[in-house]
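S.K.: Got a structure for you, questions after.
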């Protein structure tokens, strides 16, 4: 069975943000405010648990492994380039990419900016994003989960330095 792409479609992120409160509102109307608050609390707790345990569940969910592949010992990037990580709040791949980029930042020496696009539709439209995470460097984009080795290859390629092993 082929694995699904390791990225979060933004439409599903937005449905989560609309769906859980809408369900809580409906339950609250039917059963009283306590029922609605309970549904909202369970929904939030379920999202937190999902984000925390996703790396252990990713294979069962059809995404394959999210294990990292380390990049060896790359050299620092020239000119301390700016790298932007676009994220969304309920995407399980975004914290993985945040950790990997933070680790690579110490070795490759780049500026890292993180932008949450969850409630920024104008930014999504302007950049044409359909999924997160998105890594942007030198005007180029890498969409979805990537290993540290993949990130290093992408960053060294787009800033004009040959990747390791080239």
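A quick yes/no check of all residues on (1) at pLDDT below 95; (2) closer than 30 Å to residue 105 by Cβ:
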| site | (1), (2) |
| --- | --- |
| 33 | yes, no |
| 38 | no, no |
| 44 | yes, no |
| 48 | yes, yes |
| 56 | yes, yes |
| 59 | yes, yes |
| 62 | yes, no |
| 70 | yes, yes |
| 73 | yes, yes |
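S.K.: I'd like to verify a number: residues in region 106-129 that are free of Cβ contacts under 8 Å to residues at least 12 places away in the same chain and under 15 Å from residue 152 (Cβ atoms), how many?
M.R.: Residues in region 106-129 being free of Cβ contacts under 8 Å to residues at least 12 places away in the same chain and under 15 Å from residue 152 (Cβ atoms): 1 in total.
S.K.: Sticking with this one: So residue 98 ticks every box in (1) surrounded by 15 or more Cβ atoms within 10 Å (Cβ to Cβ); (2) part of a loop (DSSP other than H, G, I, E, B) but one. Which box is left unticked?
M.R.: Tallying (1) surrounded by 15 or more Cβ atoms within 10 Å (Cβ to Cβ); (2) part of a loop (DSSP other than H, G, I, E, B), residue 98 fails exactly one: (2).
S.K.: Something else: If I ask for residues that are in contact with a strand residue (DSSP E or B) (Cβ under 7 Å, 6 or more places away or on another chain) and assigned to a loop (DSSP other than H, G, I, E, B), which ones from region 66-91 would you list?
M.R.: Across region 66-91, the qualifying residues are 80, 81, 88, 89, 91.
S.K.: Being surrounded by 11 or more Cβ atoms within 10 Å (Cβ to Cβ) and more than 15 Å from the chain's Cα centre (by Cα) is the filter here; which residues of region 50-64 pass it?
M.R.: 57, 59, 61, 64
S.K.: Answer with yes or no whether residue 98 is under 14 Å from the mean Cα position of the chain (by Cα), closer than 26 Å to residue 130 by Cβ and assigned by TED's automatic domain parsing to the domain that holds residue 123.
M.R.: Criteria met by residue 98.
The values are calculated or read from the model by the stated rules, or taken from the named source; none is laboratory data. All values reported here derive from a predicted model rather than from experimental measurement. Note that each Cβ is placed from the backbone with ideal geometry, even for glycine, and that neighbours are counted across all protein chains shown.
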